[in-house]
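Heads up, the thing below is written out as C-alpha cells.
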Amino acid sequence: MRSSLVEYPCSNQLLTDGRVSRATDGLLRYRQLDPSLSELLDVAVHRFSVRVAVEEVDGNQVTFAELWADASRVAGGLKSRGIEIGDRVAIRFAAGIRWMEACLGVILAGGVPVSLGAAWTDADVDWVIADSGSVLVLDGELPAGLPFIDDGAAPDELAVLAYTTDSSGVMLGVELTNENLLSAIEALLHSRDYGVEGVRNLVVDSDFRSIRQLVHVLATLVVGGTVVVAGDFWRESAHTVDIITGRPEDLLEPRLLAAGPAARAGSRSVRWIDCSGSPITAEQEAKLLSAFPSAQHVIGWGKTETCGAGLILPMESASTHFGSVGIAFGGMEVALFGPDAPDGYGELLCRGPSVARRYWNSPELTSARFTRGWFCTHDTAQIDAEGFVRIVERNVA
C-alpha cells in the first residue's frame, strides 16, 4: 500500500491565536515578534526591574535589574576574551543564578549558548564541546568586564544550540533561531493565563539543558515572574509558588513529595502542574492529581526540534479526550505519513514557527528529517477529526 502525507487541521478553536497568519513561505508565523531574545528580555527588565527574577531554594535571589547588570558584565568579559557574533560558548553549571548569568551573558555578547547536561559523562561533554565548536567553556568563575549588550540580532539567526539524543543514542545538535524561541514563548504564554502580577514558577530540574525548561524559564521572566530553582537542593522553602514545572518522574519521587518545596507548595497555592512536552503515563497522571488536587495539570507534547512546544491538551478537553497529548497551537500544524494516514494513523509530522531549521553538522539527517517544510518526528500517532493527537509509540529523541 502506498504511503500518503495527510494534513489534519485543528477544528477546535480553544487555542486560536489571532497574531498567527500564513507567511509567503506557506508557514504559519507570529506577526510583530521582537527580533531577538535580548530585545524581548530587555523590555521585561525595564518593566519589572525591582522584582525578583531568580530565587534559589537556599535563599539566594537576584532582581531583574541585578541579573541584567551581572549578565551584561559577563558579556563584556566574554568580548574581552574575543567572543564574536555566532561563537558557541558551552555552559556547565547547575540550574540557578549562575547558570542564568552565564546563559544571558553569552546571548548579550552575541554568542550562542550550548548547555551541557549536569549528569552527562565527561565523554559526552567532550564530544558536545568538540561537535559544537565551542570556543569557551563556562564552568567556574564567570568572566567580567565592562557592560556590553549586543542588540542587533535578527529573527533568523542562531540563538541556541540544543543537544538531544536520537533513538540510536547518537547526540544531535538542534539549531534554534531567535524566531523559534520567541514563537515558543508566545505560544506558551497564550495557552496559560499567567498575567503580569508576578507568578512564581518552581522549576524542578538539576540543569536547564532541556529546551522546554529554558522556554518555561524565559516565559516566566517575560511576564515579570520569578523562577524558583529547586535543582538538587530540595530544602524546605517557606515560600509558595503558583506553578511547578518538571518531568513527571521528578515531581513524583516519593522523598520529594514527602519533604521539600514541592510538598509545601502543593499544600498551598499551586495553580498549575506543568508536565507539557514530557511523556506521562495514566498512572503518573493519577498520582499527580492525587498529590496536587487543587492544581490544573498541563499536558502536551514537544521535542527539542520543536522548541519543546507543539501540542497541548486544553483544560476543557481533558475529560473528553483522556490519553490525548492535545491539539496543535502557536502556529503549529500536524500531518500523518504512512499507508494508514488517511485513516488517522501514521508517523506524526509537524511544521510551524517554533520548529528548528536543521541539525548541526548533520546534513544527511537534516535532509531525512526536515523535508518539504515538515519535521518527521518518528513518533507514531493517531489524530481524530477535531485534530486531537494521541501518541501510540514515542521515539525517545
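Just to be sure I understand: if I project the alpha-carbon convex hull of the chain onto a plane and average over all orientations, what area do I get in nm²?
Directional mean of the projected Cα hull area for the chain stands at 18.8 nm².
Can you find, among THR24, PHE148, SER191, the residue farthest towards the positive end of the dipole of the chain? Put +1 on the C-beta of Lys and Arg, -1 on that of Asp and Glu.
Ranked along the dipole, the leading option is SER191.
Which Rg and Dmax, in Å, describe the Cα atoms of segment 1-113?
Considering segment 1-113 through its Cα atoms, Rg and Dmax are 19.8, 63 Å.
So what does the Cα-only Debye profile of segment 324-397 read at q = 0.14, 0.18, 0.26, 0.27 Å⁻¹, as log10 I(q)/I(0), no solvent term?
-0.44, -0.71, -1.29, -1.34
How charged is the neighbourhood of LEU158? Take every other residue with its Cβ under 12 Å from the Cβ of LEU158, and add Lys/Arg as +1 and Asp/Glu as -1.
Value of the local net charge: -2.
Please arrange ILE280, ILE107 by counting, for each residue, the other beta carbons lying within 10 Å of its beta carbon, fewest first.
ILE280, ILE107
Can you give the Rg/Rh ratio of segment 137-193, where Rg is from the C-alpha atoms and Rh is the Kirkwood radius?
In segment 137-193, Rg relative to Rh is 1.09.
So what's the net charge close to SER278: Lys and Arg +1, Asp and Glu -1, counting the other residues with Cβ under 12 Å from its Cβ?
So the surrounding residues net to -1.
Among SER168, SER72, SER21, which one shows the highest mean-square fluctuation when the chain is modelled as a Gaussian network with alpha-carbon springs under 10 Å?
Highest fluctuation of the listed residues: SER168.
Sort TYR345, TYR163 by Cβ crowding within 10 Å, fewest neighbours at the top.
TYR345, TYR163
How many percent of Cα pairs in segment 155-245 exceed 21 Å?
So the pairs more than 21 Å apart make up 41 percent of the total in segment 155-245.
Using helices alone, what [θ] at 222 nm do you get for the chain, with -39,500 (n - 2.57) per DSSP H run of 4 or more residues, divided over all residues and rounded to the nearest 500?
-8000 deg cm²/dmol
How many angstrom lie between the Cα centre of segment 351-390 and the Cα centre of segment 126-154?
30 Å
Pick from ALA385, ALA162, ALA94: which residue has the top mean-square fluctuation in a GNM of the chain where Cα pairs under 10 Å get a spring?
In the Gaussian network model the winner is ALA385.
Taking the beta-carbon count within 10 Å as an exposure proxy, list SER49, SER294 from fewest neighbours to most.
The most exposed by this proxy come first: SER294, SER49.
Bear in mind these aren't lab numbers, they're just calculated from the coordinates by the rules spelled out. Because the structure is a prediction, the values reported are computed rather than measured. Virtual Cβ from ideal backbone geometry, glycine too; neighbours counted across all protein chains shown.
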